[in-house]
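**Student:** If you scroll down you'll find the structure; I have some questions about it.
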Amino acid sequence: MLFNSYEFIFLLLPIALIGNRILSENYSARIVWLLSCSLFFYAWWNPVYLPLLLSTIAFNYFVGAHLRAKPTKLVLVAGVATNLALIGYFKYAGFIADNIASLTGSETHFGDIALPLAISFFTFQQIAYLADCYSGLPQRYRPTEYGLFVSFFPQLIAGPIVHHAEMMPQIKSIRRSTAVDKSVGLTIFALGLFKKAVLADGIAPYANGLFDDPQACQSATLVHAWIGVLAYGFQIYFDFSGYSDMAIGAARMFGIKLPLNFFAPYRSESISEFWRRWHMTLSRFLRDYLYIPLGGNRRGNARRYRNLMITMLLGGLWHGAGWTFVLWGALHGGYLVIQHGWSHQTKQLSRVKQTWVYRLFACATTFIAVQFAWVYFRATSLETANQIVGGMIGSNGISLPHALLNRLGGISRQLAIFGINGDSASGTNFVMALGWIGGLSLIVWLLPTTQSFMRRFQPAWEYTSQSTISRLPDAGFGPVIPLTWTPSLAWSLLISLVALVGILSLAEVSEFLYFQF
């Protein structure tokens, strides 16, 4: 079941809220009710994998209990290895077999292995729980409380990867949601639905026109390659932003605050800042449970760069079993190495780095680097990705639609001197694509984030105390228009219109891009 579906919006979510309200005075019954709704939500996709989810919950609950009572490294290693083996079989067995077959010439294969929904998310979440049980951090929880922690439906399918320190205190002290919770939650959910159903799905055809057409990949000229890549860059931006908002909004309706997972990453002025804003909970997991245990930056720059590369390579593999994802992770690892090397060499430029010109240059450079990497994230093969990158750097020349060149008149002859010629591409599609890219650019760099827009009402877990608010990334580079939501009639009417447009755009329901991970 998808958030952007009639079944969720008009069936599961209202029923879950009504049941939660009826059982508001019975803590145990409410926990069981929300757990049941979450399991139903998961089983809707494919009931076959519900026993798998329940088995992992039961296994990790008992391993965690053992580690809490008697911390044993052998038990911890066995528990983590079992979780990794599970995700390794379902997600990577086919990839490994295909590579072995390619190297040896054998015909080893595993056939088609269906990837259980959300396995990457609930596996990492439970690995973190086991590690903390070994360190003696978590309290004792009931099986139903732990089950709800893992499977709570607003965050189950595509994150955020929640930490028990954030969720369990809220679950154990679960309270009746207030009118403020519901109005704030509905507003955030409506904004997320609009981002997904209208913005992300609206620009998707211009990205698919490049990446899903082998001929287009081979012959894409500089302008057309960049249009397709930028279209995908904005598609995944608003797709993930929309999902993150809908998850936070749905949870808030039950009085639970999820952690932020997305915070205007295209306003970042460095790659490390990008990862503090993009998939924030995954970045936190990789930092706390991989990068720091590897040594972090404590053993010199050479070790630091090695640890960065290992972390990002594994982060790339987490997203998918394919060499395109490995290379995507390697690119981001390389970006981080270059960034830290540059920062180490230019400490004396601290004043220059605060200037408007430098910040603009840094933001633009980071944005372009991220777009190049998205090619490998989206492409179906390395060959296809390399063809598109070739087009982006002009290896196939530069061309514009004839319809546009004809409107330019004499200027078109001057453009031809520089190798800019016409082609038969649809001028209408070209102009529409540019319009989408331009419009979404204004939203990204001018409008406030959903979290900033709702800031007065503590939209996410990070807003529960002043100390955590102070650690949030600021708005980033961009002249943001100061808009703030208040429970007024004007805002209610506007958000209702936004919600209506989002619902009317659900005629063709599409999955969130992060569902495949």
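The values are calculated or read from the model by the stated rules, or taken from the named source; none is laboratory data. This one's a predicted model, so the numbers in the text were calculated from it and none came from an experiment. Backbone-built Cβ (ideal geometry, glycine too); neighbour counts: all protein chains shown.
**Student:** Assigned to a helix (DSSP H, G or I), touching a Gly at 6+ places or on another chain (Cβ under 9 Å) and without any contact (Cβ under 8 Å) to a residue 40 or more places away in the chain, is that true of Val326?
**Tutor:** In short, yes.
**Student:** Counting only residues that are among the hydroxyl-bearing types (Ser, Thr, Tyr) and buried (at least 24 other Cβ atoms within 10 Å of the Cβ), give me the helices (runs of 4 or more DSSP H) lying completely in the range 202-299 with at least 3 of them. Walk me through how you get there before you give the answer.
**Tutor:** Numbers: elements: 214-219, 222-252, 271-277, 280-286.
Counting at least 3 such residues, we get 222-252.
**Student:** Yes or no: the range 279-297 includes at least one residue that is on the phi > 0 side of the Ramachandran plot and either in contact with a Gly (Cβ under 8 Å, 6 or more places away or on another chain) or at pLDDT 90 or above (or both). Working first, answer last.
**Tutor:** Keep residues of the range 279-297 that are on the phi > 0 side of the Ramachandran plot, which gives 279, 295-296.
Remaining after also requiring either in contact with a Gly (Cβ under 8 Å, 6 or more places away or on another chain) or at pLDDT 90 or above (or both): 279.
Yes.
**Student:** When Ala97 is evaluated against the numbered criteria (1) out of contact with any His (no Cβ under 6 Å at 6 or more places or on another chain); (2) without any contact (Cβ under 8 Å) to a residue 24 or more places away in the chain, which criterion, by number, is the only one it fails?
**Tutor:** (1)
**Student:** Based on what the data block shows, is Leu327 at pLDDT 90 or above, touching a helix residue (DSSP H, G or I) at 6+ places or on another chain (Cβ under 8 Å) and surrounded by fewer than 18 Cβ atoms within 10 Å (Cβ to Cβ)? Steps first, please.
**Tutor:** Working: at pLDDT 90 or above: yes; touching a helix residue (DSSP H, G or I) at 6+ places or on another chain (Cβ under 8 Å): yes; surrounded by fewer than 18 Cβ atoms within 10 Å (Cβ to Cβ): no.
Here the answer is no, as Leu327 does not meet what is asked.
**Student:** Within the range 180-199, take every residue that is within 18 Å of Ala264 (Cα to Cα) and among the basic types (Lys, Arg) and give me the one that is surrounded by the most Cβ atoms within 10 Å (Cβ to Cβ).
**Tutor:** Lys196
**Student:** Please work out which residue is nearest to Met168 (Cα to Cα), limiting yourself to the range 259-278 and to residues that are touching a Gly at 6+ places or on another chain (Cβ under 8 Å) and among the charged types (D, E, K, R).
**Tutor:** The extreme case among them is Arg277.
**Student:** Assess whether Ala264 counts as being at pLDDT 95 or above and among the small types (Gly, Ala, Ser). Outline the logic, then answer.
**Tutor:** On the way: at pLDDT 95 or above: no; among the small types (Gly, Ala, Ser): yes.
Taking the combined requirement at face value, the residue does not satisfy it.
**Student:** Any chance you could count how many residues in the range 363-412 are over 21 Å from Tyr266 (Cα atoms), among the small types (Gly, Ala, Ser) and either modelled with pLDDT of 95 or more or in a helix (DSSP H, G or I) (or both)?
**Tutor:** 5
**Student:** Of Tyr232, Tyr206, Tyr237, Tyr243, which residue is over 20 Å from Pro448 (Cα atoms) and under 20 Å from the mean Cα position of the chain (by Cα)? Write out each step before concluding.
**Tutor:** Values: Tyr206 fails: under 20 Å from the mean Cα position of the chain (by Cα); Tyr237 fails: over 20 Å from Pro448 (Cα atoms); Tyr243 fails: over 20 Å from Pro448 (Cα atoms).
Step by step, each of Tyr232, Tyr206, Tyr237, Tyr243 is checked, and only Tyr232 is over 20 Å from Pro448 (Cα atoms) and under 20 Å from the mean Cα position of the chain (by Cα).
**Student:** Of the conditions (1) under 16 Å from Ala131 (Cα atoms); (2) over 28 Å from the mean Cα position of the chain (by Cα), Ile100 fails just one. Which one is it?
**Tutor:** Only one criterion in (1) under 16 Å from Ala131 (Cα atoms); (2) over 28 Å from the mean Cα position of the chain (by Cα) is unmet by Ile100, namely (1).
**Student:** For the range 306-316, how many residues meet the condition of being surrounded by fewer than 21 Cβ atoms within 10 Å (Cβ to Cβ) and either basic (Lys, Arg) or under 20 Å from Glu383 (Cβ atoms) (or both)?
**Tutor:** If we filter the range 306-316 for residues that are surrounded by fewer than 21 Cβ atoms within 10 Å (Cβ to Cβ), which is where we start, we get 306, 309-310, 313-314.
The next check asks that each one be either basic (Lys, Arg) or under 20 Å from Glu383 (Cβ atoms) (or both); those that pass are 306.
The number of residues fulfilling the criteria is 1.
**Student:** Still on this model: So, of the residues in the range 142-184 that are basic (Lys, Arg) and over 25 Å from the mean Cα position of the chain (by Cα), which turns out to be nearest to Ile18 (Cα to Cα)? Even if it seems obvious, please write down each step before you answer.
**Tutor:** Residues of the range 142-184 that are basic (Lys, Arg), as a first pass: 142, 172, 175-176, 182.
Retained after the next criterion (residues that are over 25 Å from the mean Cα position of the chain (by Cα)): 142, 172, 175-176.
Working: Arg142: 24, Lys172: 20, Arg175: 14, Arg176: 12 Å.
Per the criteria, the residue is Arg176.
**Student:** Which condition number does His164 fail, the rest of (1) without any contact (Cβ under 8 Å) to a residue 40 or more places away in the chain; (2) over 14 Å from Gln125 (Cβ atoms) being met?
**Tutor:** (2)
**Student:** In the range 34-49, how many residues are free of Cβ contacts under 8 Å to residues at least 60 places away in the same chain and either surrounded by 18 or more Cβ atoms within 10 Å (Cβ to Cβ) or within 23 Å of the chain's Cα centre (by Cα) (or both)? If you could, list the steps in order and put the result at the bottom.
**Tutor:** First, pick out the residues of the range 34-49 that are free of Cβ contacts under 8 Å to residues at least 60 places away in the same chain: 36, 40, 43-44, 47-48.
Checking which are either surrounded by 18 or more Cβ atoms within 10 Å (Cβ to Cβ) or within 23 Å of the chain's Cα centre (by Cα) (or both) leaves us with 43-44.
Residues in the range 34-49 being free of Cβ contacts under 8 Å to residues at least 60 places away in the same chain and either surrounded by 18 or more Cβ atoms within 10 Å (Cβ to Cβ) or within 23 Å of the chain's Cα centre (by Cα) (or both): 2 in total.
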